[in-house]
Amino acid sequence: MHQIDLIATIPVPADRLAAASALLLEYGEVVRAEPGNLRFEAYLDGDGGAMVVVERYRDAAAFEAHLSDPANATFNAKLADVLDGGGSTLQMLELLG
């Protein structure tokens, strides 16, 4: 059983940043309360054109539970509405060594 680490990148136009970041920060509280979540940190990238989330889950089962949680679908639908259909790109990470 190994941890699941990932980075989610969400491109956000400047005029929608306030609404999108409010949604993400609210959703972060939900995710951090999930039993298998070990890390959920939201950032604004250095250029200000995207929100970046660093996530860690206890194992694959915890990550699958996160993905299948109805709150995930609700968040993604609201985010897509704010971003006119936009959403996140996931980059899965593997620990070196």
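Apolar share of the accessible surface for the chain: 58 percent from carbon plus sulfur atoms, 1.4 Å probe. Taking square-rooted eigenvalues a ≥ b ≥ c of the alpha carbon gyration tensor, is the stretch 47-97 rounded, prolate or oblate, where a/c under 1.5 means rounded and, failing that, a/b exceeding b/c means prolate? Oblate shape, in that a/c is at least 1.5 and b/c is the bigger or equal ratio. Only helical DSSP H runs with n ≥ 4 go in: add -39500 (n - 2.57) per run for the chain, normalise by residue count and round the 222 nm mean residue ellipticity to 500 deg cm²/dmol. Here the helix-only value at 222 nm equals -12500 deg cm²/dmol.
Hydrodynamic radius of the chain by the Kirkwood approach over all distinct alpha-carbon pairs: 13.8 Å. The Leu44 and His2 beta-carbon pair, evaluated with R₀ = 25 Å, returns a calculated FRET efficiency of approximately 0.25.
In the full protein context, the chain carries 60 Å² of accessible surface per residue, based on a 1.4 Å probe and ignoring ligands, DNA and RNA. Under a point spin-label approximation (7 Å from Cα along Cα-to-Cβ), what is the Asp69-Thr89 distance to one decimal in nm? Once both label points are built, they end up 2.5 nm from each other. Under unit Cβ charges (Lys, Arg +1; Asp, Glu -1), what dipole magnitude, rounded to 20 debye, does the stretch 15-73 have relative to its Cα centre? That gives a dipole near 120 debye. Of the GluC sites (Glu not before Pro) in the stretch 1-95, the ones in a loop by DSSP (not H, G, I, E or B) with at most 11 other beta carbons within 10 Å are Glu94.
Each Cα pair under 8 Å and six or more residues apart adds its sequence gap; the mean of these over the residue count of the stretch 1-79 is a relative contact order of 40 percent.
The values are calculated or read from the model by the stated rules, or taken from the named source; none is laboratory data. Every value quoted in this text rests on a predicted model; they were computed, and no experiment measured them. Glycine gets a Cβ as well: all are built from the backbone with ideal geometry, and neighbour counts include every protein chain shown. SASA here: full protein model, heavy atoms, side chains in, ligands and nucleic acids out. Shrake-Rupley method; radii C 1.70, N 1.55, O 1.52, S 1.80 Å.
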